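Here is the structure we will look at, set down as structure tokens.
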Amino acid sequence: MNTGEDAMTAHAAGRYATALFELAKTSGAADAVEADLSAFRAMLDESPELAEVLASPLHSADVKVGVLTALAGKAGFNELTGNTFGVAARNGRAGELGALARIYASLAAADRGVVTAEVATAAALTKKQTEALAASLKGAFGREIEVRTEVRPELMGGLIVKVGSRMFDSSLRTKLDGMKTAMKEA
């Protein structure tokens with residue numbers, strides 16, 4: 001493991017993701033759990049209310065376990081995924097499940113020898129743009145790159161690419177903030 005991965009797995013979501021990955025790999029369910037967690041991330045993206053309930057201290061651990069158990073059952077998630085959701089919720093970590101899913105995906109990709117690039121853009125990328133970005137990153141890093149995108153309208157334009165511990169930020173928001181700082185100093 002490289003230093004970036006060590007830092008990534010140092011917090012609670014990383015520890016849960018690492019434990020889940022090792023259990024899933026040992027039991028031959030790594031791909032199924034990865035698919036479950038990918039679907040779960042999509043659910044969180046589509047339902048801010050779900051993310052809010054899981055993160056809110058106003059809802060008890062029992063409520064969160066119930067929500068996650070129902071969700072996992074309805075979606076047909078692997079038993080390991082459902083059990084991990086329950087353990088995380090009972091330990092007050094339900095709000096970190098999105099981070100757990102993201103870290104698990106990175107661990108699984110690294111295990112396959114693929115580097116994950118987290119890309120944030122102001123507007124959704126087309127399939128062609130995503131493929132071109134992946135090809136460009138493959139040329140720069142010399143390894144297969146898996147691009148995971150996230151839409152963040154507050155960036156206004158441009159993109160932020162994070163590969164391991166490296167980050168490239170060409171967002172309009174960052175450029176404007178830099179100009180604002182430069183103008184204050186003048």
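The values are calculated or read from the model by the stated rules, or taken from the named source; none is laboratory data. Quick caveat, the model's predicted, so the values are computed rather than measured. Quick reminder, even Gly has a Cβ in these numbers, built from the backbone with ideal geometry, and neighbours come from all protein chains shown. Surface accessibility is based on the protein's heavy atoms, side chains included, excluding ligands, DNA and RNA. Shrake-Rupley method; radii C 1.70, N 1.55, O 1.52, S 1.80 Å.
A few comments on the model shown:
- Debye equation applied to the C-alpha atoms of segment 44-137, log10 I(q)/I(0) at 0.21, 0.26 Å⁻¹: -1.06, -1.30
- Over 21 Å [Cα-Cα, the chain], rounded percent: 56 percent
- Zone of Ala35's modelled label, taken as backbone nitrogen in segment 66-87 under 19 Å from a point 7 Å along Cα→Cβ: 71-85
- Cα-Cα separations in segment 42-89 greater than 18 Å, expressed as whole percent: 25 percent
- Approximating the spin labels as points 7 Å out from Cα along Cα→Cβ, the Ser27-to-Glu144 distance works out to 2.6 nm.
- Applying 1/(1 + (r/R0)^6) with r as the Cβ-Cβ distance of Met43 and Ala124 and R0 = 25 angstrom yields a FRET efficiency of 0.90.
- Our analysis of segment 11-94 gives Rg over Rh at 0.95, with the two radii drawn from alpha carbon positions and Rh computed by the Kirkwood formula.
- By the Kirkwood approach, averaging reciprocal distances over each pair of separate Cα atoms, segment 103-176 gets a hydrodynamic radius of 12.6 Å.
- Per residue, the accessible area of segment 26-172 comes to 54 Å² when a 1.4 Å probe rolls over the protein heavy atoms.
- Nitroxide proxy distance, nm - points 7 Å out along Cα→Cβ at Phe168 and Ala134: 1.7 nm
- Cα-Cα over 29 Å, subset of Lys138/Lys175; Lys128/Lys184; Lys74/Lys138: Lys128/Lys184; Lys74/Lys138
- In a fully extended conformation the segment linking Ala70 and Arg112 would gain 12.0 nm over its present Cα-Cα distance, using 0.36 nm per residue.
- Rg and Dmax over the alpha-carbon atoms of segment 74-121 stand at 12.9, 34 Å.
- Percent accessible area from carbon and sulfur atoms, the chain, protein chains only, probe 1.4 Å: 56 percent
- Straight Cα distances below 17 angstrom link Lys25 to the aspartates and glutamates Glu34, Asp36, Glu79, Asp111, with same-chain residues fewer than 8 positions distant left out.
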